[in-house]
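Below: the structure, in structure tokens.
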Amino acid sequence: MSLRDRFFSPSDVVADLQWVRTNLLDPAASEDMRSHGRVTSIELMRRWSGSGRRPARDGIFCQRIFGPVSPFCCACGALCGEEHAGESCEKCGVLCSTPALRERRYGHVLVAGVVHPAVVPIVADALGLLADQVRAIARCEAWFDGDTVRPAEEMDTHENADATGPAALEAALIRKGADPALVAVAVTRAIPLPPPGMRPFFGDLGPAMVDPWIGPLNEAWRSLVLAAQSQLKLVELSPPPIVLMNQQHTVQELFEVVVQATVSPPAATRPWPEPEPISSPVLLMGAPSRLPEDVGTEVVGLFFVDDERLFVQRPHGSWLVTTGGDVLAHVPSCGRIATSIHGSRLRMAEWIRNEWDWFEQDEYWDAKSGRASVAVLDLDTKEYLDTYPADMPLRLLEHAEPEDLVVGHVAEDVSQPARPRPAPLRWGWDRPAVLATTRDGRYAWVGEEDDTAVLDLDTGIPQLDPVMQSWVDAEDPVVRMSPEAPDVRDGGDGEETATALGSTPQNRFRFLHGTGVVSDGEKLWFRIDTMILAAAFSPAADRIAIATDEEIVIISVSHEPAIIGRFAAPDAARQT
């Protein structure tokens, strides 16, 4: 009987869980019956230019724990070749062997304590309780008041903190004089993580898919690792009991999810359901009443309307121009930046600075009340619409909290506490953001720093995960604004500037990274050596327009890039 079967679907529950408890962390146990390392990182994959997607160290796909992804080659490349078979790299710790190891080697996750679903009815029988009462205590939804089980709402968390959670169940079994073997397995503190080969990936889930999606099972494991690590840190900090109870609830629920998903791996269903259609007109916020203080006059937005026209935005106004620089129309500012186009309508979902900066304090809530923050500009009439068109995309990515980027709906407000909040996206750290979207609004580049991915906003399935890191190197192919221009980026990460995302007719992505690097998300093509204020890819992503200082520059996107056009950025002062 395999380690996976003994733990996740035990036939003799107490005996099987005891066997796992004895063998999992025993280095003397056979290779496929023990853990080869503790998983501590929530990072999944990394990608450098031309390197391919590589498992992150100490994560749920770690090569040091589960084995190498390339035959007879360690993670760092110090050991390569069959002559090193059986050696472990001193630098990265990866065993030089075949990827077949990843079919049988386990890892483990440490938790403060969880109750295995299979042991719940046995514990309930021993304590004379209902199984639902045991589950509630394990999740800190109920507590022991003597021998009586009461809901958590009736609990003084400071006085009775020890009366709830897995440890309270363990203590109750001891008081009852339960079988020591049951007491020993009532609380699990080391969870075996099955080999990557037992955790399926899913490909072909979208026309632009580059990387197979790690799938719902691996997503669940990552969530458990994150919650478990947070819980262990909280235990060290000794916060108020209610904080620990809430975290225990999260960890226990996630553990139950991974147990069920490991026994019966879920299908690759879309993470996001279809958005609810608009049942009544959605009013849009009107034009702001003022310009924010110190908002500046630089170009803040750039958008290819079609092959021949650009939409150039400053805080105080916008201009429709040809790619040769001829001004076709001037449009008043709405305080928002164009992010996608739908027929002749520009969707503007991103505010310049904070939305409340654009209104007087006593006007903001009147302007906001019952209205969506999105703006829609009809390019034929040059007028902003009062209501949101029902045939345009309904999804938004927005912040429920600064650290939580969530999927929303144009007809809903995720900041309202009464509304159930969707789970935050997993990419990014303290301040994840939407870095860019494709012109049609179908795909979004999300995350922060070196933890970013491209999502299909229709389904929620990542199409490229992760996007390559964009370190700047002096040897990179470079486009300069003039032959005599000094180096702006001569190494390191470079200074952060605008980002952009394009899509070719073949559904291949093109990226402008914040370091000025242009790539396909997997390999660097060239870098633009200037400070970029705003940028946009053309409809075929074969050109990129950038705003730099007071100039719009158009560059061909190829392995031999060149400047193919440039003109002065339009400005109200220049037009008068």
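The values are calculated or read from the model by the stated rules, or taken from the named source; none is laboratory data. Quick caveat: nothing in here was measured; it's all calculated off a predicted structure. Here the Cβ is made from the backbone with ideal geometry for all residues, glycine too, and neighbour counts use every protein chain on show. Side chains included, ligands, DNA and RNA excluded: accessible areas come from the protein's heavy atoms. Shrake-Rupley method; radii C 1.70, N 1.55, O 1.52, S 1.80 Å.
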- Selection from the range 177-201 of residues open to solvent by 50 Å² or more (accessible area, probe 1.4 Å) and not in a loop (DSSP other than H, G, I, E, B) yields 180, 189, 198
- Go through the range 1-39 and give me each residue that's under 33 Å from the mean Cα position of the chain (by Cα), in a loop (DSSP other than H, G, I, E, B) and not hydrophobic (A, V, I, L, M, F, W, C). 9, 34
- Item | Hey, residue 295 more than 15 Å from residue 348 (Cβ to Cβ) and assigned to a strand (DSSP E or B) or not | no
- Note on the structure: Scanning the range 235-253 for residues that are open to solvent by less than 40 Å² (accessible area, probe 1.4 Å) and either under 30 Å from residue 206 (Cα atoms) or assigned to a helix (DSSP H, G or I) (or both) gives 241, 245, 247, 248, 251, 252
- Query: Of all the residues that make up the range 147-176, how many are part of a loop (DSSP other than H, G, I, E, B) and open to solvent by less than 50 Å² (accessible area, probe 1.4 Å)?
  - Reply: 5
- Query: Taking residue 455, is it in a strand (DSSP E or B) and open to solvent by 30 Å² or more (accessible area, probe 1.4 Å)?
  - Reply: no
- Please identify the pairs in which a residue from the range 134-162 that is touching a residue at least 40 places away in the same chain (Cβ under 8 Å) has its Cβ atom under 8 Å from the Cβ atom of a residue that is open to solvent by 20 Å² or more (accessible area, probe 1.4 Å) and in a loop (DSSP other than H, G, I, E, B), counting only partners at least 6 apart or on another chain. 152/141; 157/240; 158/240
- Message: Can you pull out every residue in the range 298-313 that is part of a strand (DSSP E or B) and either closer than 17 Å to residue 376 by Cα or in contact with a Cys (Cβ under 8 Å, 6 or more places away or on another chain) (or both)?
- Response: 301, 302, 303, 304, 310, 311, 312, 313
- Hey, could you check the range 439-452 for residues that are surrounded by fewer than 20 Cβ atoms within 10 Å (Cβ to Cβ) and either acidic (Asp, Glu) or at pLDDT below 95 (or both) and say which is farthest from the chain's Cα centre (by Cα)? 440
- How many residues are surrounded by fewer than 20 Cβ atoms within 10 Å (Cβ to Cβ) and either over 30 Å from residue 244 (Cα atoms) or touching a Cys at 6+ places or on another chain (Cβ under 6 Å) (or both) when one looks only at the range 207-230? 5
- Every pair of residues 6+ apart whose Cβ atoms lie under 9 Å, when the first sits in the range 388-409 and is of a type in the set (Ser, Thr, Tyr) while the second is part of a loop (DSSP other than H, G, I, E, B) and open to solvent by less than 40 Å² (accessible area, probe 1.4 Å): 388/282; 388/374; 388/394; 388/410
- Based on what the data block shows, is residue 530 more than 18 Å from residue 341 (Cβ to Cβ), under 22 Å from the mean Cα position of the chain (by Cα) and surrounded by fewer than 23 Cβ atoms within 10 Å (Cβ to Cβ)? no
- Item | the range 523-548, residues that are under 20 Å from residue 303 (Cβ atoms) and either assigned to a strand (DSSP E or B) or free of Cβ contacts under 8 Å to residues at least 24 places away in the same chain (or both) | 528, 534, 535, 536, 537, 543, 544, 545, 546, 547, 548
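Out of everything in the range 254-286 that is touching a helix residue (DSSP H, G or I) at 6+ places or on another chain (Cβ under 9 Å) and in a loop (DSSP other than H, G, I, E, B), what residue ends up being surrounded by the most Cβ atoms within 10 Å (Cβ to Cβ)?
Filtering first and then ranking leaves 285.
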- Note on the structure: Of the listed residues (49, 35, 30), the one being over 24 Å from residue 450 (Cα atoms) and buried (at least 16 other Cβ atoms within 10 Å of the Cβ) is 35
- Message: Out of everything in the range 534-547 that is surrounded by fewer than 21 Cβ atoms within 10 Å (Cβ to Cβ) and not small (Gly, Ala, Ser), what residue ends up being nearest to residue 469 (Cα to Cα)?
- Response: 542
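Determine, yes or no, whether residue 64 is part of a helix (DSSP H, G or I), closer than 30 Å to residue 515 by Cβ, open to solvent by 30 Å² or more (accessible area, probe 1.4 Å) and touching a residue at least 12 places away in the same chain (Cβ under 8 Å). Write out each step before concluding.
Values: part of a helix (DSSP H, G or I): yes; closer than 30 Å to residue 515 by Cβ: yes; open to solvent by 30 Å² or more (accessible area, probe 1.4 Å): yes; touching a residue at least 12 places away in the same chain (Cβ under 8 Å): yes.
Yes, satisfied.
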- Task: Could you please find all residues in the range 110-121 being in contact with a Leu (Cβ under 8 Å, 6 or more places away or on another chain), in a helix (DSSP H, G or I) and surrounded by fewer than 21 Cβ atoms within 10 Å (Cβ to Cβ)?
- Result: 118
- Message: Restricting to the range 335-363, count the residues that are out of contact with any Pro (no Cβ under 7 Å at 6 or more places or on another chain) and assigned to a loop (DSSP other than H, G, I, E, B).
- Response: 4
- Task: Give me a count of the residues in the range 67-81 that are open to solvent by less than 30 Å² (accessible area, probe 1.4 Å) and in contact with an Asp or Glu (Cβ under 8 Å, 6 or more places away or on another chain).
- Result: 1
- Taking the range 169-198, which residues are touching a strand residue (DSSP E or B) at 6+ places or on another chain (Cβ under 9 Å) and over 23 Å from residue 150 (Cβ atoms)? 188, 189, 190, 191, 192, 193, 194, 195, 196
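Out of all the residues in the range 243-278, which are of a type in the set (Ser, Thr, Tyr) and in contact (Cβ under 8 Å) with a residue 24 or more places away in the chain?
262, 269
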